[in-house]
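A.B. asks: After the structure tokens below, expect a handful of questions from me.
The values are calculated or read from the model by the stated rules, or taken from the named source; none is laboratory data. Here the structure is a predicted model, which means the values were calculated and not measured. Please note: Cβ atoms are built from the backbone with ideal geometry, for glycine as well, and neighbour counts cover all protein chains shown. To get the accessible areas, we keep the full protein, side chains included, count just its heavy atoms, and leave off ligands, DNA and RNA. Shrake-Rupley method; radii C 1.70, N 1.55, O 1.52, S 1.80 Å.
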Amino acid sequence: MKTLQKTLLALAVGSLVSVGAQAAVSYGSGYVGQPYVGIKAGQFDLDLNGADKPTAYGVYAGYNFDPNFGMEVEYLGSDDADYYNGDVDAKTYGAYGTYRYTFPNTALYAKGKLGVARTEVKASSTVPLSNISDKDTSIAGGIGLGYAVNSDFSVEAEYDKLGSDADLWTVGAHLKF
């Protein structure tokens, strides 16, 4: 990872940690902001002919400013999937603004997110002989459904569009603190 990317990721994580330290501050109407951290797993869907879909796994963190609006950062990497007797590897990291709509009288909510993501794909193959290395930073977004198991723990299923050549399907769980 280049120095600028590491710096931006460190600043984002540092911001979330400092926001979490101030979680007792009320943001109007008696609502107290809510930080959270989670893990997710799923599958990359890459626009790469002849490649299996790599399994994705990663971490995410966020902060809800009120019951509807928040922010989130995430990092997901992949295992090595088969690509013509070679392999393909993908990773992405991004920062998003989020919106949640809780369905009335349920623990079910819909989630949308929009932001910027960097996606890197590396593939190597012996038949046909090819090496692909693609890095793309672009507008990214996603939609999902979640279920609040209790006031501190939720599970989510999500679809993300990561630029023009990559999609991501994940399930995850996060803990609020």
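A.B. asks: Round to the nearest 0.05 the FRET efficiency obtained for Ile39 and Ser164 when R0 = 22 Å and r is the Cβ-Cβ distance.
C.D. replies: 0.20
A.B. asks: Within 9 Å, Cβ to Cβ, of Asn64, how many net charges do the neighbouring residues add up to if Lys/Arg are +1 and Asp/Glu are -1?
C.D. replies: Residues near Asn64 contribute +1 overall.
A.B. asks: Compute, for Lys135, the solvent-accessible surface of its heavy atoms (probe 1.4 Å) with the complete set of protein chains present, and express it in square angstrom to the nearest 10.
C.D. replies: We get 100 Å² for Lys135.
A.B. asks: Where a Cα-Cα gap under 14 Å defines reach, which aspartates and glutamates qualify for Lys176, not counting those fewer than 8 residues away within the same chain?
C.D. replies: Of all the aspartates and glutamates, those that pass the test against Lys176 - Cα under 14 Å, at least 8 places apart if same chain - are Asp66, Glu72, Asp152, Glu156.
A.B. asks: Count charges around Gly33 for me, please; just the other residues with Cβ under 15 Å from its Cβ, Lys/Arg as +1, Asp/Glu as -1.
C.D. replies: Neighbour charge sum, excluding Gly33 itself: -1.
A.B. asks: May I ask which of Lys40/Lys113; Lys91/Lys111; Lys40/Lys122; Lys53/Lys91 have a Cα-Cα span longer than 18 Å here? Could the numbers behind the result be given before it?
C.D. replies: Working: Lys40/Lys113 16 Å; Lys91/Lys111 22 Å; Lys40/Lys122 22 Å; Lys53/Lys91 13 Å.
Pairs exceeding the cut-off: Lys91/Lys111; Lys40/Lys122.
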